[in-house]
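Here is the structure we will look at.
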Amino acid sequence: MSEVKLSATLKGNGYQATVTFPSGVSMSSAESYPTIPEAITAAALKLLDMPERIETLASGTL
């Protein structure tokens with residue numbers, strides 16, 4: 001089973017959303033969000049916008 005991490009990192013006056021894949025590749029948002037839950041939600045939505053990554057995770061090649 002693969003694990004994708006969604007995280008929020010302090011950035012300026014808010015939080016930056018980050019998606020980290022098992023391979024160590026991570027993608028962070030350019031914008032910041034006022035709360036941690038909003039940043040985590042943005043990271044989850046970003047992941048859902050990448051169905052090819054989800055398919056690759058499901059096949060175990062990422």
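For the reader, a short list of remarks on this structure follows.
- Where the Cα pairs of the chain fall when distances are cut into 5 Å bins, in %: 4, 22, 27, 22, 13, 8, 3, 1
- The length gained by stretching the chain between I54 and A30 to full extension, at 0.36 nm per residue less their Cα-Cα distance, is 6.5 nm.
Throughout, read-outs are computed from the coordinates displayed, never taken from laboratory work. Not measured: the values here are computed from a predicted model.
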